[in-house]
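What follows draws every value from the coordinates through simple rules; no lab data is involved. Quick caveat, the model's predicted, so the values are computed rather than measured. Note that each Cβ is placed from the backbone with ideal geometry, even for glycine, and that neighbours are counted across all protein chains shown.
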């Protein structure tokens, strides 16, 4: 971190049969029993390769992948993200590359999300010529997911979620309805205030564990506080090198995972979703022809978000259902302000050549994504791999049974990065049990 240093759509023949997709791969269950003799990770590699090889490249696929590769390289330069050469960007342009997707809304990630990214990297490593795309939802707003800015520190044996006014990174009350991509990065003053508060939490939690009979040495406490100080020097330094809160969240995750993975980090390409809207505009316009209501628009006056129909019109009437403001938007103005909903965004991104989709739950929107994908492109989604296992973490101040949604920053105070990566990368069906090195 700096602490230590697509699915190409197949066409149809005249009979209406989908070309280039054998019947046995048309629909793949999320949690199908792995192939005999293969681990789930190896099975995922095989199924992604089958899907990739049976896909017929659409005419716009190469162009879309080239745009994505160029954008990724430009974004890394903009955010100051280092790579070992240009290998991940060249892989994106190669038509032989198997591409996996993980997507999540912007946040300081919990260990379940980190495990998904680590397993995607493992599948990419096994597949050799492969890359994992980690798409981070910088188009979300703090108001949509207020818990995502929490540091996740417990107190006196209580879960972080049970604490009144839990420590979090502030964005300002007036900014809650702006997307992360439009917010400034956190200030050094705000980060310093958060660090001071968390230092007190650490002292309280050490006292709590000692009263419970556990031998937490003074040197242990000072080491944890020192790690916190290193973290916040990194967070503050990174905030000074980027122009938006969204870029900051992406850069922070990249650098944290680099400390955990080492060179394997270059098998993952980190991408801010707010910017990807422009990369897949042609695909989104195709979606809008079939289902124009798959978009959101935020009112420029009150920031209220509501459904918006994107069509081929040259002007768009807009009336806010919250404050009543009415406007006539040009096509350019409408495009600038709208956001695809999760279904439209997902099936547009798949057109970049996605061969496998790793998910952490059977989300309620998945059937809508799959149905819209069939409706627009006339084919099934790529194979979907459900990683339903839940890492549980027990650190100083946590409830005795541990926490199921521990934040990465908090876990790294008490477990070294490579060790945490090793524990989170356990077998697909396992529920990793992680214990602080000061309690083990």
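Structural descriptor for the range 295-340: relative contact order 40 percent, calculated from alpha carbon pairs under 8 angstrom and at least 6 residues apart. Principal axis analysis of the Cα atoms in the chain yields extents of 75, 62, 38 Å, listed in decreasing size.
For the range 268-386, relative contact order (Cα pairs under 8 Å, six or more residues apart, normalised by length) works out to 23 percent. The range 355-398 and the range 198-214 have Cα centres separated by 38 Å.
Would you please put 363-375, 274-286, 420-432 in order of how densely packed they are, using the mean number of other Cβ atoms within 10 angstrom per residue and starting with the highest?
274-286, 420-432, 363-375
Across the range 391-440, the relative contact order, built from alpha-carbon pairs under 8 Å that are at least six residues apart, equals 50 percent. Computed from the C-beta positions of residue 331 and residue 211 and an R0 of 51 Å, the FRET efficiency is 0.20 to the nearest 0.05. Taking a temperature of 4 °C and a viscosity of 1.567 mPa s, what whole-number D in µm²/s does Stokes-Einstein yield for the range 300-396 with Rh from Kirkwood over alpha carbon pairs? Once the numbers are plugged in, D ends up at 78 µm²/s. With R₀ set to 41 Å, the beta-carbon distance separating residue 315 from residue 187 gives a calculated FRET efficiency near 0.55.
Here the simple spin-label model places points 7 Å from the Cα toward Cβ, and for residue 374 and residue 323 these points are separated by 4.2 nm. Assuming R0 = 51 Å, what is the FRET efficiency of residue 46 and residue 293, from their Cβ-Cβ distance, to the nearest 0.05? So, using R0 = 51 Å, E works out to roughly 0.85. Length gained on full extension, residue 419 to residue 218: 70.1 nm, using 0.36 nm per residue less the C-alpha separation. Here the extension length gained between residue 233 and residue 200 equals 10.1 nm, from 0.36 nm per residue of separation less the Cα-Cα distance. The DSSP beta bridges internal to the chain are antiparallel in roughly 45% of cases.
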